[in-house]
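Notes follow once the structure below has been shown.
The values are calculated or read from the model by the stated rules, or taken from the named source; none is laboratory data. Note that the coordinates shown come from a computational prediction; the quantities given were computed from them, not determined experimentally. All Cβ positions, even for glycine, are placed from backbone atoms using ideal geometry, and neighbour counts span all protein chains on display.
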Amino acid sequence: MLGGTFDPPHIGHVAAGLYTLDQLRLDRVLFVVANDPWQKSADRPVTPAADRLAMVEAAVEGHPGLEVSTVDIDRGGPSYTVDTVADLEASHPGAAIWLVLGVDAAAGMPTWHRWEDLAGRVRIALLDRPGAVRHDPPGFAVDAVHMPEIDVSSTDLRRSLVAGRPVGGLVPEAVHSVIERRGIYRRP
């Protein structure tokens, strides 16, 4: 599972899913759209979940093995990874679950709600980029996924979109179409 706010999803997210799928030879990578990304929503406005879901659906369209999950949106409330994993375990008994994480997210795991409860239940697919310093979370099995560095961030993309600057090539064209059609990131 590749969970996130995806505000907006970009080429780095899609690449992460594709590299993970290929290198770990997984059946699929679920893009789990957070309902309420509690570590972000307290600090800044977050685009409504329905809009973020539509953008992620557009981002993975045409990529076999990449799928969208609404498990967090369906549950409602704050999105805690430990709850997402419990829901996936219940709906897919016996399935092996990997959390796809960048080195920054893996280093921040100790700030997650009940993160220790994930040890032994999931493996970590760690996006190991050139020059990145790894801090493997203690108690977790970690599989490195090697991919090139893609220097793009959702924060920078939101700023560009709000300012009316182009983001061509940084978000899939289908995502850009959703943004335009729904008027996401337009100034109030």
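Evaluate the following for P166: is it in a loop (DSSP other than H, G, I, E, B), surrounded by fewer than 18 Cβ atoms within 10 Å (Cβ to Cβ) and of a type outside the set (S, T, Y)?
yes
Residue pairs, Cβ under 6 Å, 6 or more apart or interchain, first in region 112-137 and in a loop (DSSP other than H, G, I, E, B), second of a type in the set (F, W, Y) and surrounded by 14 or more Cβ atoms within 10 Å (Cβ to Cβ). List them.
H113/Y80
I'm trying to understand the selection: among the residues of region 83-98, which are touching a strand residue (DSSP E or B) at 6+ places or on another chain (Cβ under 6 Å) and surrounded by fewer than 19 Cβ atoms within 10 Å (Cβ to Cβ)?
Correct list: I97 only.
Of everything in region 163-186 that's farther than 30 Å from T111 by Cα and β-branched (V, I, T), which residue is modelled with the lowest pLDDT?
V167
Quick grid of which residues meet (1) loosely packed, with under 15 Cβ neighbours inside 10 Å; (2) more than 15 Å from the chain's Cα centre (by Cα); (3) modelled with pLDDT under 95; (4) under 27 Å from A54 (Cβ atoms):
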position: T81; (1), (2), (3), (4): no, no, no, yes
position: V100; (1), (2), (3), (4): no, no, no, yes
position: A106; (1), (2), (3), (4): no, no, yes, no
position: L126; (1), (2), (3), (4): no, no, no, no
position: G131; (1), (2), (3), (4): yes, yes, yes, no
position: P137; (1), (2), (3), (4): no, yes, yes, no
position: P188; (1), (2), (3), (4): yes, yes, yes, yes
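W115 versus (1) more than 17 Å from G4 (Cα to Cα); (2) of a type outside the set (D, E); (3) surrounded by 11 or more Cβ atoms within 10 Å (Cβ to Cβ): which is the lone unmet condition?
Of everything listed in (1) more than 17 Å from G4 (Cα to Cα); (2) of a type outside the set (D, E); (3) surrounded by 11 or more Cβ atoms within 10 Å (Cβ to Cβ), W115 misses just condition (1).
Anything in region 93-111 that is over 11 Å from H135 (Cα atoms) and not in a helix (DSSP H, G or I)? List them, or say none.
The answer is P93, G94, A95, A96, I97, W98, L99, V100, L101.
All but one of (1) within 16 Å of R158 (Cβ to Cβ); (2) surrounded by 15 or more Cβ atoms within 10 Å (Cβ to Cβ) hold for A58; which doesn't?
Tallying (1) within 16 Å of R158 (Cβ to Cβ); (2) surrounded by 15 or more Cβ atoms within 10 Å (Cβ to Cβ), A58 fails exactly one: (1).
Would region 39-49 turn up any residue that is touching a helix residue (DSSP H, G or I) at 6+ places or on another chain (Cβ under 7 Å) and buried (at least 22 other Cβ atoms within 10 Å of the Cβ)?
Within region 39-49, none of the residues are touching a helix residue (DSSP H, G or I) at 6+ places or on another chain (Cβ under 7 Å) and buried (at least 22 other Cβ atoms within 10 Å of the Cβ).
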